[in-house]
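The structure appears right after this line, and notes come after that.
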Amino acid sequence: MDLLFGLLFNSTTLTFLMFVAFAYVISAIRFVKEYDRLVIFTLGKVTGVGGPGLTFVFPMIQSDKKVDLRMITMSIPMQEIITKDNVSARTAAVCFFQIVDPYKAVTKVEDPVNATSQIAQTTLRSVLGQHELDDLLTERDQINQKLSAIIDRQTEPWGIKVISVEVKDVEIPETMQRAMARQAEAERERRAKIVAAEGEQQAAEKLAQAARIIASSPGAMQLRQLQTMVEVSAENNSTIIFPVPIELFERSHKLQLPLEKMAEPVINHIQNQNRLKINEEERQQ
């Protein structure tokens, strides 16, 4: 009887111990996602980084700290800054970073996200204070690269990689906005005056070139005058005063041509134009 009781007791104990061992192993199973890592502590000491996939963390003797390796988008709140040219401004930014070394992120800093945020805020105020207001508005890319390099250098011991830092908004006082608007308007007026002056200069150069060409040909001026008279004769109710330069008398005397013969083509053309206009008016009536 005692032997039977002993066998039953031993089998029950063995079954219980097997059940406890099975439950212990089951409780140690961890399924780590692709973007997570587990920093495993054994009796308080880091013994490895688990994941992704099936990982064992045995209770009582081991513990774990999960770390997300995905990129984190962190907004840097609005900061009060004073630029190099003593202009008060407010600016905000956004920082993109990710944890690349889970061991350092857990053992070197208590809260990596908060620590990165504080570093980013102080660096933003320090770097932007070294630039003038015009640089903040026109050289964003260079300032962003400088911010990224400085913040990344400070967070590297924590296992954090800063991808980029982008300055989002730059708010300046209203009085400064009005001053900048007046400056932009004055700049536009300056450019307009420069363009007008360049146009006048080009026109003067062309006129001077035309004058040189006319001066090089003795009869060019007279031909130009005759052409102008023909154009004026096309106007209604126009009276033409025909100027006769002294040179015409000299040339006509040398060539022995009467002055009427020289002016006859122009007079005939004017008369023909007038006849055409009269005929056209009669047909319309």
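The values are calculated or read from the model by the stated rules, or taken from the named source; none is laboratory data. Treat the numbers as computed from the prediction; the structure is a model and nothing was measured. No Cβ is skipped: glycine too gets one built from the backbone with ideal geometry, and neighbour counts run over all protein chains shown.
All but one of (1) surrounded by 15 or more Cβ atoms within 10 Å (Cβ to Cβ); (2) over 24 Å from the mean Cα position of the chain (by Cα); (3) of a type outside the set (A, V, I, L, M, F, W, C); (4) not in a helix (DSSP H, G or I) hold for Arg70; state the number of the condition that does not hold. That leaves (1) as the condition not met.
Conditions tested, residue by residue: (1) at pLDDT below 90; (2) surrounded by fewer than 17 Cβ atoms within 10 Å (Cβ to Cβ); (3) touching a Leu at 6+ places or on another chain (Cβ under 8 Å).
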position	(1), (2), (3)
Phe5	yes, yes, no
Asn10	yes, yes, no
Arg30	yes, no, yes
Lys33	no, yes, no
Lys45	no, yes, no
Phe58	yes, yes, no
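Taking each residue of region 177-190 that is more than 16 Å from Ala89 (Cβ to Cβ) and looking for partners that are surrounded by 10 or more Cβ atoms within 10 Å (Cβ to Cβ) and modelled with pLDDT under 80 with beta-carbon atoms closer than 9 Å, six or more apart or interchain, yields nothing. Scanning region 126-177 for residues that are more than 22 Å from the chain's Cα centre (by Cα) and charged (D, E, K, R) returns Asp152, Arg153, Glu156, Lys161, Glu174. For region 92-102, the criterion of a residue being at pLDDT 90 or above and either farther than 30 Å from Thr123 by Cα or in a helix (DSSP H, G or I) (or both) is satisfied by at least one position.
Those residues that are more than 15 Å from Thr73 (Cα to Cα) and buried (at least 16 other Cβ atoms within 10 Å of the Cβ), I need them from region 148-169; list them, please.
Result: Ile150, Gln154, Thr155, Trp158, Gly159.
If the condition is being more than 14 Å from Lys84 (Cα to Cα) and either touching a residue at least 60 places away in the same chain (Cβ under 8 Å) or touching a strand residue (DSSP E or B) at 6+ places or on another chain (Cβ under 9 Å) (or both), then region 125-142 contributes only Arg140. When region 108-145 is limited to residues that are touching an Asp or Glu at 6+ places or on another chain (Cβ under 8 Å) and either surrounded by 17 or more Cβ atoms within 10 Å (Cβ to Cβ) or closer than 30 Å to Val39 by Cβ (or both), the one that is modelled with the lowest pLDDT turns out to be Leu133.
Taken over region 47-56, residues that are loosely packed, with under 15 Cβ neighbours inside 10 Å and in a loop (DSSP other than H, G, I, E, B) amount to 1. Please verify whether Pro102 is in the same structural domain as Arg140 (by TED's automatic domain parsing) and in contact (Cβ under 8 Å) with a residue 60 or more places away in the chain, treating the condition exactly as stated. Taking the combined requirement at face value, the residue satisfies it.
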